[in-house]
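The values are calculated or read from the model by the stated rules, or taken from the named source; none is laboratory data. The structure displayed is predicted, hence computed values, not measured ones. Note that we place each Cβ from the backbone using ideal geometry, even for glycine, and neighbour counts take in every protein chain shown. For the accessible areas, the whole protein counts, side chains as well, though only heavy atoms, and no ligand, DNA or RNA atoms are used. Shrake-Rupley method; radii C 1.70, N 1.55, O 1.52, S 1.80 Å.
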Amino acid sequence: MDEAEVADAFKTYGGAVFRRCVRVLRDPDASRDVTQEVFVRCFDRRRGLRSGRELLGWLYRVATNLCLNALRDGRLRRDADRRLATALPVATEGPDVRLLRDVLRDLDERTQAIVVYVYIDGMTHAEAAEVAQVSDRTVRNCLARFQRTGRLRLGADFAPPQQEGSK
């Protein structure tokens, strides 16, 4: 990619990246900062990137990782507590949100990203696998790890969202 293609990528995908950040962070100002950082990284790595669908997947991965880093760093802790309390289905009444956040914190970055893709963004396993550049089986394993960790830490069952074609 050259500089003009990075500018075109921002025009084409900037809104989608921003909406993705707002969905995770629930903070428009922080989302603007993360979106800007995503495209700074895109510019810095422009020679190794390809345009099109592959680029969109890369932008989503970078945006997700930067959002998770911001949440992990505690800069947006209050918003993260509220988001986690309302976004993830839990079988028990009133779970301790700090423990719920800790469940995600205990997991590796790939698993965290896949949990966000499936539980927050509503992606199918196939969509999450494509964006994360992993197999469908890896997505299922990461979600199972999340569910297992949730049961062990909280005694809660994080029921997976229904997938198309599943019974």
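Miscellaneous remarks
- For region 1-77, the carbon plus sulfur part of the accessible surface works out to 47%, probe radius 1.4 Å.
- Peptide ranges 8-18, 34-44 listed from the most packed, as the mean C-beta count within 10 angstrom indicates: 34-44, 8-18
- Long-range amide H partners of M123 with built H, under 5 Å: V118
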